[in-house]
1. Taking R631 and the conditions (1) of a type in the set (D, E, K, R); (2) farther than 18 Å from A728 by Cα; (3) touching a helix residue (DSSP H, G or I) at 6+ places or on another chain (Cβ under 8 Å), which numbered condition does it fall short on, given that it satisfies the others?
2. May I ask you to list pairs of residues, at least six apart or on different chains, whose Cβ atoms are under 6 Å apart, with the first in the range 535-550 being in contact (Cβ under 8 Å) with a residue 60 or more places away in the chain and in a helix (DSSP H, G or I) and the second being surrounded by fewer than 15 Cβ atoms within 10 Å (Cβ to Cβ) and of a type outside the set (D, E, K, R)?
3. Any residue at all in the range 369-385 that is surrounded by 15 or more Cβ atoms within 10 Å (Cβ to Cβ) and free of Cβ contacts under 8 Å to residues at least 24 places away in the same chain?
4. Please state which of the following conditions D102 fails to meet, knowing it meets all the rest: (1) surrounded by 15 or more Cβ atoms within 10 Å (Cβ to Cβ); (2) of a type outside the set (S, T, N, Q); (3) at pLDDT below 75; (4) touching a strand residue (DSSP E or B) at 6+ places or on another chain (Cβ under 7 Å).
5. If you take the residues of the range 696-722 that are in a strand (DSSP E or B) and under 30 Å from the mean Cα position of the chain (by Cα), which of them is farthest from V678 (Cα to Cα)?
6. Just for the range 723-748: of the residues that are assigned to a strand (DSSP E or B) and surrounded by 13 or more Cβ atoms within 10 Å (Cβ to Cβ), which one is modelled with the lowest pLDDT?
7. Might you let me know whether the range 154-163 holds any residue that is outside the structural domain of D79 (by TED's automatic domain parsing), under 29 Å from Q86 (Cβ atoms) and surrounded by 22 or more Cβ atoms within 10 Å (Cβ to Cβ)?
8. Scan the range 67-85 and tell me whether some residue there is more than 37 Å from the chain's Cα centre (by Cα), surrounded by fewer than 17 Cβ atoms within 10 Å (Cβ to Cβ), in a loop (DSSP other than H, G, I, E, B) and at pLDDT 50 or above.
Amino acid sequence: MSNLHDWFRHIQLKKKRNKGSPVPKPAVPGRPYRHPVPGPNELLALLRQKGVPMTLDALAAALGKPGKRELQSLRQRLDELKSGGQVHVNRAGEYCLSEKLDLVAGTVSAHRDGFGFLIPDTGSVDVYLSEAEMRSLLDGDRVAVRVSSHGRSGRCSGTVVEILARASQSVVGRYQREHGIGWVVGSGRSAHHFIVPDRYRSGAQPGQIVKLEIMEYPAPGREAQGKIIRVLGEPTEPRVLTEAAIEMFNVPSVWPAAVIKASGNFSTEVGQDESVGRSDLHKLPLVTIDGEDARDFDDAVYAEPAGEGWRLIVAIADVSHYIQKSDAIDTEARRRGTSVYFPDRVVPMLPEALSNELCSLKPQVDRLCMVCEMQIDTRGDVTGAKFYRAVMYSHARLTYNQVDAMHRGADPAGYAHIRRLGPVIENLYGVYTALASARTRRGALDLDLPEVRIELDESGAICGVASRLRNDAHRLIEECMIAANVEAARYLSRHRIATLYRVHNGPEGEKLEDLRLLFQSLGVPMPDTARTRPREINRGLQALRDRPDFAMLATAVLRSMTQAVYQPVNNGHFGLALTAYAHFTSPIRRYPDLLVHRAIGHLIDGGKPGAFSYDGPAMEQLGKNTSMQERRADEATRYVDARCKCLFMQHRVGEVLDGVVTGVTHFGLFVMLRELFVDGLIHVSNLPNDYYHLEPGGLGLKGERTGRVFLLGEELRVRVARVDPEEAKMDLALESQPAAVLQAAPRKVAPGKAKPPSRRRR
């Protein structure tokens, strides 16, 4: 910012300002045409057949549609192809095939350092965009680029030919002011400055987080401009950080008027007529088991001995009974995709009239449910299963800690009212033992990572960062839900009905090789079959379970995996070692579960798979949308959690703490502080004076002169040097090495190609 004032003066002295870049408006796919014209594929085929760029009039003549109205429809169709990056308009106003111009269309992924990458629509190799090319672009913009060269690394670089569509019309960031000039720097990955004229300041004060509407987009030689449309507040408040994340990641949080109106029509009780035709489970002592702070209860369980095993009943809130396809609530739920959990609030997928009331399986009230009833043998294999609709009556709202205490024999006075449920609890533990043994046999990954939560006091301020301890009661419910999800997937697959499966692919390529090197360095071999057999990875994990840095190793395994997605094609679930898996158990907070319920309900009612109101292409699109919405929720929560952790650590600068190395890069070591579950970076400049080289597989940093190696999983004593909540960064300095350094099997680095060395100045 040192030269920022001079730049501002330069801007002020300009007598003329270029107009803002027009924002291309992509055509709406599927928009009806008043005067039908050939489809996109036919138009593309015509351009290929002619082999030359063509004007609108020439295309119309070739199609035999020269009329004025036909021209309007044809232009609309071509605009769609242009927005999709399939055609380009040259300087002569002619339509050209992008493929003939060597143009690649895709989405911009910006980096805070100024450069970026184009993620091609075709799924091909990313294209590097230099800082100069990124001056006019924001993260998420759709552009067409010409691949111009290959750098020394072999990476493609490109030149932007056209901006197809802007990703956003607004920016969230911190308002700053200097020498009478105000500006906003976006909090996302695009590092552009947005100048804010005083008349558009809206009362914002320096340092506050604001939402800015873009008036002029950035261009070479010109900074962007905008006006502040909402002042969110101070960045030190978790509430404000949540608001910023909601705005930044476009998390839908305001209920449309139609949803509010529809929600008001629901009762808080199940009507007598709604129970007709359903199984009556009133007398069955079903119970819910959740965390102490849970507000919506979407699953209840019951188990009893049956033959050489158990009868397990998993009852799930029947959300599909209340929400019909394409009604107001369904439309909004589809737009949200999932509930989003922040430290200070939940942004629910469904309105509270359903999520916290009518669909929530509260104790001592009637509730409609969809049931998966299973027969489970002593080996944990499901020998029979069926689905049906029922009306239930939860006999108790239990917590994980209560159930765990009851199972261990604890009998506090406060448990007297639920003591009668002891036999039910023990039967559930019997089921859990069997299901857990089956899980072990099939070789599912057993990471069991701690869940870290941000603790707030009554005023909403951060009072701590703690790990949510898991006990066998958590695992009991988890295994019951997995069993029901598996049976849902099998049922739908058997009937060949369109649905969404939860698909998880194993590690591949460089990630798999890095994981192999990590395990080999610890004396644990990993065979080639690990790519398709999770048991091989799990076997290695179990051999290392007694290490103090096991959580770090489990995290490394998790990071090597691809992200699970929703799709209509069943490719199995690698992490769980399952051939078929679908989400069935949380329709209150996940839209794919609601779709699975509708498919099961359709079959229960005797419907034919071909008559289901969804088909394969529709499910494919819904799968892409819900997977994207899940990623959006994850990114939003990570944004808030990371900054809340930094706010918590701000008051601990200078403290000396114990940590463990959880990541190694060419520029330093990532260290997780023990007991605080907060990560920071020891930059190479804060290591003992030397040149440092990255070991093969990223397993350590080695000093060239001293030979000192800092290894992944090594315990270090560090000092909190600097905390930057705005950037969510914490710098650590090496204090000393504790006496009890982890001494595991000698780390013999497996042969392999080393990554480029890192150099630091002396």
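1. Every condition holds for R631 apart from (3).
2. E536/P527; E536/T529
3. Taking every residue of the range 369-385 in turn, none turns out to be surrounded by 15 or more Cβ atoms within 10 Å (Cβ to Cβ) and free of Cβ contacts under 8 Å to residues at least 24 places away in the same chain.
4. (1)
5. G700
6. So the first thing to find is which residues in the range 723-748 are assigned to a strand (DSSP E or B), and the list is 723-724, 729-736.
If we keep only those that are surrounded by 13 or more Cβ atoms within 10 Å (Cβ to Cβ) too, we end up with 723, 729-735.
Values: V723: 95, K729: 92, M730: 95, D731: 96, L732: 96, A733: 94, L734: 93, E735: 88.
Ranking the qualifying residues of the range 723-748, first place goes to E735.
7. The answer is yes; a qualifying residue exists.
8. yes
The values are calculated or read from the model by the stated rules, or taken from the named source; none is laboratory data. Just so it is clear, the model here is predicted, and its values are computed rather than measured. Every residue, glycine among them, receives a Cβ derived from its backbone with ideal geometry; neighbour counts consider all protein chains shown.
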